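> Here it is: the structure, laid out below.
The values are calculated or read from the model by the stated rules, or taken from the named source; none is laboratory data. Everything quoted here is computed from the prediction, not taken from an experiment. Please note: Cβ atoms are built from the backbone with ideal geometry, for glycine as well, and neighbour counts cover all protein chains shown. For accessibility, only protein heavy atoms count, side chains too; no ligands or nucleic acids. Shrake-Rupley method; radii C 1.70, N 1.55, O 1.52, S 1.80 Å.
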Amino acid sequence: MDKQVIDFFEQIEIKEPNILQRESLPVSFFAPRNRMAHKGDFGHCLLIAGSYGKAGACVLSCLACLRTGCGLITTHIPQKLYDILQISVPEAMVSLDKEEKYFSHTPMDIEKYSAIAIGPGLGTEQQTKTELIHLLNKRKENPILQNIPLVLDADALNILAQEKNKEQFLKNNIILTPHPKEFERLFGKMTIKEQIDFTKTFCKKNNITIVIKGGVSTIIDNKGEVFFNILGNPGMATAGSGDVLTGIILGVLSQGYSCEQSAKIGVFIHALAGDKAKEVLGEKSLIARDIIKYLPIAIKKKN
């Protein structure tokens, strides 16, 4: 570990941190697939993302999800993003919103999906806020929807942060993926140690998993256990990197892994792919698409 990582652990007063390693992740994720498998064996996930001017976030998440191994993905997008997504990701299916430029209506058949992610490039239009809260309210009252794992990222988190009683929506089979500023908007300003202590209790109480993204990413699972990722590099501090992570986690979830397993696998292979990209491209020139490009290598090879 380099000095900055050592300083991080000293700051949070942890002497023997649980470091993510391939050996501690579910072996079945990295194992070869059954010769007779078909796409239905690997899940059908839903990505609700994108708004006018932010189509790229949706494209990156969608591509990352497919590269992580989901069987099928449907992406729910505003109408003006249709051509962009169909050309950029022909493997994806599309569900069109009623609005041209932003998310305003949830797909009718939402209960059929194996996993759902909401947030990349979503925007914060008033109708978007209203519909997201409506969807979370519906999930709160519907046991079937609570059994479908849900990832909330980016603008979904920013919308939630404005709700006074947000905790009522954050229960059971949910993964939150805030960067430090989004975490602050959601739960208030804290030191890193305070963030971890608070999140351990919050996750255990509400049966959810939270990934706090950063130079050392922290995963707190629904048992209140804490894991740290020390892979990755500063080149990954670039636009779209978080959207890629959301897509990766969604792709793992769709294949039947639990929220805590998916968060750990997702963070690990996202960082490892970033490091593989750095080996070839360096840090300064690395962009989010490069992380997706090197995902197959990160998944296939041992680190």
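> Filter the range 244-284 down to residues that are touching a Cys at 6+ places or on another chain (Cβ under 8 Å) and either surrounded by fewer than 24 Cβ atoms within 10 Å (Cβ to Cβ) or of a type in the set (Asp, Glu) (or both), then give me how many there are.
Looking only at that region, the number is 1.
> Those residues that are open to solvent by 10 Å² or more (accessible area, probe 1.4 Å) and either touching a Gly at 6+ places or on another chain (Cβ under 7 Å) or not aliphatic (A, V, I, L, M) (or both), I need them from the range 222-240; list them, please. So that I can check it myself, show each step before the final result.
Initially, the range 222-240 is screened for residues open to solvent by 10 Å² or more (accessible area, probe 1.4 Å), giving 222-227, 230-234, 236-240.
Selection gives Asn222, Lys223, Gly224, Glu225, Phe227, Gly232, Asn233, Pro234, Met236, Thr238, Gly240.
> Which residue, of Ile299, Ile196, Ile219, is in contact (Cβ under 8 Å) with a residue 60 or more places away in the chain and surrounded by 24 or more Cβ atoms within 10 Å (Cβ to Cβ)?
The match here is Ile219.
> Would you tally the residues in the range 199-215 being over 14 Å from the mean Cα position of the chain (by Cα) and open to solvent by less than 40 Å² (accessible area, probe 1.4 Å)?
The number of residues fulfilling the criteria is 4.
> Could you please let me know if Ser88 is surrounded by 14 or more Cβ atoms within 10 Å (Cβ to Cβ) and polar (S, T, N, Q)? Explain how you work it out, then say what you get.
Working: surrounded by 14 or more Cβ atoms within 10 Å (Cβ to Cβ): yes; polar (S, T, N, Q): yes.
Answer is yes for this residue.
> Based on this model, can you work out whether Leu60 counts as closer than 18 Å to Asp153 by Cβ, open to solvent by less than 40 Å² (accessible area, probe 1.4 Å) and in contact with an Asp or Glu (Cβ under 6 Å, 6 or more places away or on another chain)?
Criteria met by Leu60.
> What do you reckon, is Ala273 in contact (Cβ under 8 Å) with a residue 40 or more places away in the chain and among the aliphatic types (A, V, I, L, M)? Give the derivation first.
Details: in contact (Cβ under 8 Å) with a residue 40 or more places away in the chain: no; among the aliphatic types (A, V, I, L, M): yes.
Taking the combined requirement at face value, the residue does not satisfy it.
> Counting just the residues of the range 1-45 that are of a type in the set (Asp, Glu) and either at pLDDT 95 or above or farther than 18 Å from Ala271 by Cα (or both), which one comes out surrounded by the fewest Cβ atoms within 10 Å (Cβ to Cβ)?
Across the range 1-45, the extreme among qualifying residues is Glu16.
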